[in-house]
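Novice: To start, I am sharing the structure in question, which I have written as structure tokens.
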Amino acid sequence: MLIYSIVFVLLLFGVFHYDHRKNIFLGNVYYFLVFTVMTLMTGLRYRTGGDSLMYEDYYPYLPNLDDLLHFISSDTALNYQPLYLLFVALCKVFSPDYYFYQMMHALVVNSVIFWFIQRNTRYRYTVLLLMYFFLIYFYFRFEVQREILGVCW
């Protein structure tokens, strides 16, 4: 519970210091710090979220890069999208551990979301705080892993 409070305080400070007061001193460094903390919070979680438990349980049965085409063309594809299976297979090249995949997923998704927010709004921390406060951050990072990758791509 403490990590959630730390992220909330980091975002609240960003809202008041950078969005409200329009201070630009070390703004990009602080944004990168918030990105790093939120990515680590998402990537280092352990068995959190309803759908995440299912993804973790099915992960050993998903194909590696050698068996990917055969797995997709067969009826055992479990109705997973081909690009999601490709992402899993690429992660399995580097490590067969589910938590490596989880960290790579958090890195990709948070990179795209933070890049989009930085590019399209002046109030970066306000948007992040609203996403965090209304639990949108948790739902899209912890629950619907396949769908958020589709949104990012």
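Novice: From the alpha carbon gyration tensor of the range 15-72, can you work out the equivalent ellipsoid semi-axes (sqrt of 5 times each eigenvalue) and give them in Å, largest to smallest?
Specialist: For the range 15-72, the ellipsoid semi-axes come out as 40, 15, 9 Å.
Novice: What are the extents of the Cα atoms of the range 81-143 along their three principal axes, in Å, largest first?
Specialist: The Cα atoms of the range 81-143 stretch 39, 22, 20 Å along the principal axes, largest first.
Novice: Are there trypsin sites (Lys or Arg not before Pro) in the range 57-153 that DSSP marks as loop and that have at most 10 other Cβ atoms within 10 Å, and which are they?
Specialist: When the trypsin sites (Lys or Arg not before Pro) of the range 57-153 are filtered for loop state and at most 10 Cβ neighbours within 10 Å, R122 remain.
Novice: So how tilted is helix 124-133 from the main axis of the chain? Cα-based, degrees 0 to 90, rounded to 10.
Specialist: With both axes taken from Cα atoms, the answer is about 60 degrees.
Novice: Next question, about the same structure. About the Cα centre of the range 1-150, what is the dipole size in debye to 20, counting +1 per Lys and Arg Cβ and -1 per Asp and Glu Cβ, all else neutral?
Specialist: 900
Novice: If I compute semi-axes √(5λ) of the Cα gyration tensor in Å from the structure I just sent, which labelled value in (i) 30, 21, 17; (ii) 22, 18, 16; (iii) 33, 15, 13 lines up?
Specialist: (iii)
Novice: Report the one residue of Y137, M103, W115 whose Cα lies farthest in the direction of the positive end of the charge dipole of the chain (charges on C-beta: Lys and Arg +1, Asp and Glu -1; origin at the Cα centre).
Specialist: W115
Novice: Specify the inter-centroid distance of the range 1-40 and the range 86-153, based on alpha-carbon positions, in whole Å.
Specialist: 17
Values quoted throughout were computed directly from the atomic coordinates according to the rules given, and no laboratory measurement underlies them. Just so it is clear, the structure is predicted and the values come from calculations on it, not from any experiment. Counting neighbours? That spans all protein chains shown, and the Cβs are built from the backbone with ideal geometry, glycine included.
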